[in-house]
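Beneath this line is the structure, given in structure tokens, with notes to follow.
The values are calculated or read from the model by the stated rules, or taken from the named source; none is laboratory data. No experiment lies behind these values; they were computed from the predicted model shown. When we count neighbours, we look across all protein chains shown, and the Cβ atoms used for this are built from the backbone with ideal geometry, even at glycine.
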Amino acid sequence: MLNDFERKILRIIVNYAGQRRRVPRMDELENKTGRSKAFIHESLLELERRQHIMWENKSTLEGILILQAWEQDPQPIRKSQPAGDAVKYFTEY
């Protein structure tokens, strides 16, 4: 599960790619997030490690490819109902 800042970086990159047809520059990410280059770089590496982005040329952000634009929600655990409860509702008043 991504932390809030990593999720924010991912949303910014996805929205830029969708609206402006490009990945944001580092100064734009600094402006949008209010964080330092080092912290943004660390978060991008974590996004790559978790396979949300692919980033081959680490010297520039232009080569970032989005692999997964959002987090996968864990599947909810469904608890089974006891067998006789549904029948009792309709047969016993």
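Of all residue pairs spaced 6 or more apart or on separate chains, those with beta-carbon atoms under 8 Å, a first member in the range 1-28 that is more than 16 Å from Arg50 (Cβ to Cβ) and a second member that is in a loop (DSSP other than H, G, I, E, B) and aliphatic (A, V, I, L, M) are Tyr16/Val23; Ala17/Val23; Val23/Leu61; Pro24/Leu61; Arg25/Leu61; Met26/Leu61. Of the helices (runs of 4 or more DSSP H) lying entirely inside the chain, those containing at least 2 residues that are at pLDDT 90 or above span 4-20, 26-33, 37-49.
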